[in-house]
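Here the structure is laid out as structure tokens; the discussion comes afterwards.
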Amino acid sequence: MTYPTRGGLVRAAAALLVVALLGACSTPVPNRQKDLCAVFGQFPEWYDHALASRKRWGTPIPVLMSIIHHESGYRSHVRPPMQWFLGIIPLGRPSTAKGYAQALSPAWKDYTSERGTSRSRTDMEDALDFVGWYNYKSWKGLGIPRTDAHRLYLAYHEGRRGYARGSWKKKPAVRAAAGRVADTAQRYAAQLKRCESRFRCDSWYQFWPFCS
């Protein structure tokens, strides 16, 4: 029989503590992530946040939600996995991505400097506003239509400078991910047409037609 090393026990205890802390503060993920109507049915406030972002920045709701879905799986506190040396020495994370939109710290700093500092990457309202803001910058700076989920995601993942350099051309995994984002956005759009009216007037202070 083999016994765990002291380093292994420390790592296991740390991992359990992280899981417990995240479980205490994270929002549950949608049960049916492939169905946008089901996502909004479980979290109707997310529709309101996505609609507000769409009105402010111009990116359609299905594109916004597809990017969030593929970046984080709707997990509020997800981060890239910690890297270890020899299995015991933490080396840090490969990037500063965090939250629903997996926003990098430099991009988030630029965003908050424009939009205000009291914002959180683990809040869906702020994450959706960030994605809309970033896509707006990609439209203004690169001419990418805000309906083009494929190219918007390439610019989102690689950064606008990376997109302009064509860094994605040598990254088949990134191109494949952009294709999945576009496919999901198209499916989400078809689904939303069937159910959006349910979410437009779901608050006590809203009434048709002023909530369309």
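State whether the residues of segment 148-171 include one that is more than 16 Å from His69 (Cα to Cα), among the polar types (S, T, N, Q) and in contact (Cβ under 8 Å) with a residue 24 or more places away in the chain.
Within segment 148-171, none of the residues are more than 16 Å from His69 (Cα to Cα), among the polar types (S, T, N, Q) and in contact (Cβ under 8 Å) with a residue 24 or more places away in the chain.
Does Arg175 count as assigned to a helix (DSSP H, G or I), surrounded by fewer than 17 Cβ atoms within 10 Å (Cβ to Cβ) and at negative phi?
Taking the combined requirement at face value, the residue satisfies it.
Report the residue count in segment 162-171 for those that are surrounded by fewer than 18 Cβ atoms within 10 Å (Cβ to Cβ), in a helix (DSSP H, G or I) and under 21 Å from the mean Cα position of the chain (by Cα).
1
Could you please find all residues in segment 110-153 being of a type in the set (Gly, Ala, Ser) and closer than 11 Å to Ser53 by Cβ?
Ala127, Gly132 - these are the residues of segment 110-153 that are of a type in the set (Gly, Ala, Ser) and closer than 11 Å to Ser53 by Cβ.
Among the residues of segment 83-119 satisfying the criterion of being of a type in the set (A, V, I, L, M) and in contact with a Phe, Trp or Tyr (Cβ under 6 Å, 6 or more places away or on another chain), which is modelled with the highest pLDDT?
Ala101
Give segment 60-82 a look and list any residue that's part of a helix (DSSP H, G or I) and modelled with pLDDT under 80, or say none.
none
Are there any pairs with C-beta distances below 9 angstrom linking a residue in segment 43-71 that is crowded, with 20+ Cβ neighbours inside 10 Å and of a type in the set (Phe, Trp, Tyr) to a residue that is outside any helix (DSSP H, G or I) and modelled with pLDDT of 95 or more, with the two at least 6 apart or on different chains, and if so which?
Trp46/Tyr74; Trp57/Arg146
Taking only segment 1-40 into account, find how many residues are surrounded by 12 or more Cβ atoms within 10 Å (Cβ to Cβ), modelled with pLDDT under 95, assigned to a helix (DSSP H, G or I) and small (Gly, Ala, Ser).
Of the residues in that region, 3 qualify.
The values are calculated or read from the model by the stated rules, or taken from the named source; none is laboratory data. Just so we're clear, the structure is a prediction, and the values are computed from it rather than from any experiment. Cβ sites come from the backbone with ideal geometry, for glycine too, and all protein chains shown count toward neighbours.
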